[in-house]
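Beneath this line is the structure, given in structure tokens, with notes to follow.
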Amino acid sequence: MRSVNSLMEEKLKSDQQTPANKAAPQMSIQVSRARSTIMDSDYWTVETIRQKTGLGDVSVAPRRYKPYGRPNRIYEIHVDNGVVGTSIREYPDTFKEGWKDQFTLGSGSSVALAFDGNWQRYRGVWRLVTDEKPWIFWVDSSGILWRQLWDDISTLSQLDTGVSYVRAIRAWRNQYSAELDQGIVVGYIKTDGTVWYRNYCRQADGTVIWEIARVLPSVSGAVHLNLFLTNDYRLGFSIEKTNGDMQWIITQRNWSGMAIIPENVHAALSLNEVKLIPIIYTDLMQTERVDSSITFGKVNFCPFDVIIGFVPTIVRAKRMDDNLIEIEYDTDLYEVPDCPDCFTISNNTIVAVAKSGSRILRLTTANTLVSVGSWTVTYNGLGGINSYHSECCKPEFGSFSVLATGEPPSVSETIEPTLSLTSISFIQCTFSSVYGDEKVSAVLSIVAVDLIKVGTNPL
């Protein structure tokens with residue numbers, strides 16, 4: 001759903017919706033059924049890999065080098081009478097070769113397979129473009145969990161011990177933030193019924209490593225496990241327990257920037273008129289001149305000693321109100337775009353940026369600032385804030401960080417009260433020869449107290 005701007009809304013409400021009135025709105029609506037939805041069994045291609053006595057666990061994954069079309073090969077790992085083996089099948093199988101055995105890995109009980117790769121968007125859908133070979137995982141007869149990059153024995157390594165069951169999947173990798181990578185997730189059940197996992201993830205510096213083993217909290221008595229991805233960029237664990245109960249554990253969304261389809265704006269040059277001017281030749285010498293001009297949106301002609309990206313000296317940074325911080329510079333500000341995202345503030349959020357006077361930058365916060373305290377304000381240098389040196393020199397600010405303080409209010413007030421007594425009563429004291437309580441009562445009546453304002457500050 002998209003909002004309608006004020007100009008379009010005015011045209012929609014116009015009584016004269018004609019091209020001459022520049023108010024002839026049109027709309028095209030296309031309704032279709034999602035092609036990725038599984039409607040019935042006809043969507044599946046069923047094929048028997050092998051059929052014999054003593055077959056055990058199996059895992060299959062396709063290889064694809066592009067985000068569209070069919071895969072080009074299918075990889076498989078299985079347990080055959082207690083021995084872990086592998087096989088491949090070309091896709092399509094042009095020469096009808098079927099499944100071809102590759103290599104064995106010794107005795108084992110549980111296997112898994114997953115491709116690494118990159119997520120690419122095709123027709124609005126993210127699809128995994130895989131590497132050439134998959135990672136394989138198996139549990140041997142001693143309960144040791146192993147991993148290897150297909151047939152590359154140099155990558156053979158132990159992942160954990162005391163394992164009874166294993167599954168693997170390539171989870172979501174964010175294409176815009178390097179550190180947001182769930183990686184290849186290897187989930188496995190230990191002999192004590194707990195569920196663990198390890199990730200093969202890209203780090204913030206771009207390196208890819210096997211991270212440490214982690215246990216799923218509040219899970220016990222697990223006997224079977226499966227991993228799945230959701231359409232809203234989550235990874236899920238599906239766990240079957242000894243009592244027959246099923247438990248789901250789902251991660252947070254790894255979707256930052258991926259759920260919004262990029263929009264492209266294409267600009268074209270339109271020539272309304274082309275004039276062909278004839279060239280006039282003369283026998284005499286003639287000076288010809290071609291005038292040209294270049295229009296720049298912003299050009300700074302600054303002296304050599306003015307550094308682009310500098311920050312003028314900050315005179316003060318102070319809390320001025322419940323939701324206001326002012327930063328004063330020693331030079332004039334030229335342009336201050338409203339860019340709240342270009343600023344960060346400790347324990348708060350900035351919602352508005354504006355200029356006050358010629359040298360003051362005003363930051364409005366979302367939450368109330370306490371009367372007394374300090375806040376670190378940081379500017380990323382990307383907001384387009386300019387200082388003013390001359391008519392031709394308006395360099396943009398570089399990034400900076402400043403400590404803004406809030407000080408207790410200080411007000412000088414004078415109160416001059418006036419005491420007015422309307423009456424004083426003297427009550428006679430009566431004495432008796434016997435013991436008794438005595439009481440003297442006095443009444444003070446204050447008619448009015450005038451508080452006179454002195455100066456400009458409030459009382």
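The values are calculated or read from the model by the stated rules, or taken from the named source; none is laboratory data. Just so it is clear, the model here is predicted, and its values are computed rather than measured. Note that each Cβ is placed from the backbone with ideal geometry, even for glycine, and that neighbours are counted across all protein chains shown.
Answer yes if at least one residue in the range 155-170 is under 26 Å from the mean Cα position of the chain (by Cα) and at negative phi, and no otherwise. It would help to see each step written out before you state the result.
Let us first name the residues in the range 155-170 that are under 26 Å from the mean Cα position of the chain (by Cα), namely 169-170.
Retained after the next criterion (residues that are at negative phi): 169-170.
Within the range 155-170, one or more residues are under 26 Å from the mean Cα position of the chain (by Cα) and at negative phi.
Elements of the type strands (runs of 3 or more DSSP E) sitting completely within the range 66-139 and holding at least 3 residues that are farther than 23 Å from LEU55 by Cβ and of a type outside the set (Asp, Glu): these cover 117-122, 125-130. Of all residues in the range 180-209, which are in a strand (DSSP E or B) and among the polar types (S, T, N, Q)? Within the range 180-209, just ASN199 meets the criteria.
Looking only at residues in the range 335-358 that are part of a loop (DSSP other than H, G, I, E, B) and in contact (Cβ under 8 Å) with a residue 40 or more places away in the chain, which one is nearest to the chain's Cα centre (by Cα)?
Taking the range 335-358 and keeping what is part of a loop (DSSP other than H, G, I, E, B), we get 336-339, 346-347, 349, 357-358.
Subset that is in contact (Cβ under 8 Å) with a residue 40 or more places away in the chain: 336-337, 339.
Details: VAL336: 26, PRO337: 23, CYS339: 18 Å.
In this case the residue turns out to be CYS339.
Out of curiosity, is THR155 crowded, with 17+ Cβ neighbours inside 10 Å, under 19 Å from ALA61 (Cβ atoms) and among the hydroxyl-bearing types (Ser, Thr, Tyr)?
Here the answer is no, as THR155 does not meet what is asked.
Does the range 252-260 contain any residue that is in contact with a Phe, Trp or Tyr (Cβ under 9 Å, 6 or more places away or on another chain), more than 19 Å from THR194 (Cβ to Cβ) and of a type in the set (Ser, Thr, Tyr)? Yes, the range 252-260 contains at least one residue that is in contact with a Phe, Trp or Tyr (Cβ under 9 Å, 6 or more places away or on another chain), more than 19 Å from THR194 (Cβ to Cβ) and of a type in the set (Ser, Thr, Tyr). So is GLY143 part of a strand (DSSP E or B), out of contact with any Phe, Trp or Tyr (no Cβ under 8 Å at 6 or more places or on another chain) and under 30 Å from ILE212 (Cβ atoms) or not? No. Annotation: LYS394 fulfils all but one of (1) surrounded by fewer than 17 Cβ atoms within 10 Å (Cβ to Cβ); (2) in a loop (DSSP other than H, G, I, E, B); the unmet one is (1).
For the range 336-355, filtering for residues that are surrounded by 14 or more Cβ atoms within 10 Å (Cβ to Cβ), of a type outside the set (Lys, Arg) and farther than 22 Å from SER374 by Cβ leaves 2. Of everything listed in (1) surrounded by 15 or more Cβ atoms within 10 Å (Cβ to Cβ); (2) closer than 27 Å to TRP150 by Cβ; (3) not basic (Lys, Arg), the single unmet condition for ASP205 is (1).
Residue-wise test of (1) in the same structural domain as SER399 (by TED's automatic domain parsing); (2) over 30 Å from GLU407 (Cβ atoms); (3) of a type in the set (Phe, Trp, Tyr); (4) modelled with pLDDT of 90 or more.
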{"position": "ASN243", "(1), (2), (3), (4)": "no, yes, no, yes"}
{"position": "SER256", "(1), (2), (3), (4)": "no, yes, no, no"}
{"position": "VAL265", "(1), (2), (3), (4)": "no, yes, no, no"}
{"position": "ILE280", "(1), (2), (3), (4)": "no, yes, no, no"}
{"position": "VAL290", "(1), (2), (3), (4)": "no, yes, no, no"}
{"position": "PHE296", "(1), (2), (3), (4)": "no, yes, yes, no"}
{"position": "PHE301", "(1), (2), (3), (4)": "no, yes, yes, no"}
{"position": "ASP305", "(1), (2), (3), (4)": "no, yes, no, no"}
{"position": "VAL336", "(1), (2), (3), (4)": "yes, no, no, no"}
